[in-house]
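The structure appears below as structure tokens.
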Amino acid sequence: MTITSEQLKAVMPAATPANIQQYLPYLIQEMPVYQINTPARGCAFLAHLAHESGQFSVVTENLNYKAERLVKVFPKYFPDVAAAQPYAGKPEKIANRVYASRLGNGPEESGDGWRFRGRGLIQLTGRKTYGDCSKALTGDKKTFQDSSDLLVTPQYAVASACWFWTVYKGLNDIADQSDNWTTTFKGKIYNKFQWLTIKINGGLNGYDDRLAFWERAKAAIR
């Protein structure tokens, strides 16, 4: 399976020609390396990339949220508008709050949340994830931790996404299942694409948007 610029445009109609040409060579290079090499795998992968990257327009996580949006996106950390208000419109402060003391990050005051916020086409997040990916792609655990902006270059934005999909999360196996496959988790039943979304996102944020990209991908890539 080889991805073409025409197929990418069909999947991501808002992607600019320049961005498609920027990422296409690396997708062609890296997807086979990580066995994202069948229509089922490629369609699911590209659909999630389309959502996570805003159709190739965003490679660094945007955390500039209003209070009301913080309550919806991060209810665990901001249970109501009053709790969210001190953080509203302050991306660095938000990142340090919501990513503190997890994903290998230090506490809120360490600044790790902002330092290791989402980067790359699939929004790699957290000190530990940066280190694991860095070791896999460069042989040095510290490369992305010390030079995090490498993850926003086209080469590593793509390679890190492929690594995350295949190695870190094992999503090819899920993508291989039939479209009517389901799984049960904590008493709830999820279909294949819902489960892929949960494995990537931790929840179903942006599910309808992801699903629309998946339908486009399945129509374009056979």
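The values are calculated or read from the model by the stated rules, or taken from the named source; none is laboratory data. Keep in mind it's a predicted model, so treat the numbers as computed, not measured. For neighbour counting, all protein chains shown are included, and Cβ atoms are generated from backbone atoms with ideal geometry for every residue, glycine included. Calculation scope for accessible area: heavy atoms of the full protein, side chains included, ligands and nucleic acids excluded. Shrake-Rupley method; radii C 1.70, N 1.55, O 1.52, S 1.80 Å.
Considering only region 39-62, I want to know if a residue exists there that is of a type in the set (Lys, Arg) and outside any helix (DSSP H, G or I). Looking through region 39-62, none of the residues is of a type in the set (Lys, Arg) and outside any helix (DSSP H, G or I).
Out of everything in region 63-73 that is in a helix (DSSP H, G or I) and open to solvent by less than 50 Å² (accessible area, probe 1.4 Å), what residue ends up being nearest to Glu108 (Cα to Cα)? Explain how you work it out, then say what you get.
The first filter runs over region 63-73 and keeps only residues in a helix (DSSP H, G or I), leaving 67-73.
Subsequent filtering for residues that are open to solvent by less than 50 Å² (accessible area, probe 1.4 Å) retains 67, 70-71, 73.
Details: Ala67: 19, Leu70: 17, Val71: 19, Val73: 18 Å.
Only one residue tops the list, namely Leu70.
Could you please find all residues in region 124-140 being open to solvent by less than 30 Å² (accessible area, probe 1.4 Å) and either in contact (Cβ under 8 Å) with a residue 24 or more places away in the chain or not polar (S, T, N, Q) (or both)? Result: Leu124, Thr125, Gly126, Thr129, Tyr130, Gly131, Cys133.
Among the residues of region 94-152, those that are among the small types (Gly, Ala, Ser) and within 23 Å of Arg210 (Cβ to Cβ) comprise Ala95, Gly118, Gly120, Gly126. When region 141-200 is limited to residues that are over 26 Å from Phe116 (Cβ atoms), part of a helix (DSSP H, G or I) and of a type outside the set (A, V, I, L, M, F, W, C), the one that is most open to solvent (accessible area, probe 1.4 Å) turns out to be Asp173.
Tallying residues that are surrounded by fewer than 13 Cβ atoms within 10 Å (Cβ to Cβ) and in contact with a Ser or Thr (Cβ under 9 Å, 6 or more places away or on another chain) within region 3-17 yields 2. Scanning region 74-104 for residues that are of a type in the set (A, V, I, L, M), buried (at least 16 other Cβ atoms within 10 Å of the Cβ) and not in a loop (DSSP other than H, G, I, E, B) turns up Ala84, Ile94, Ala95, Val98. Could you tell me whether Leu27 is modelled with pLDDT of 95 or more, under 13 Å from Leu121 (Cα atoms) and buried (at least 23 other Cβ atoms within 10 Å of the Cβ)? Yes.
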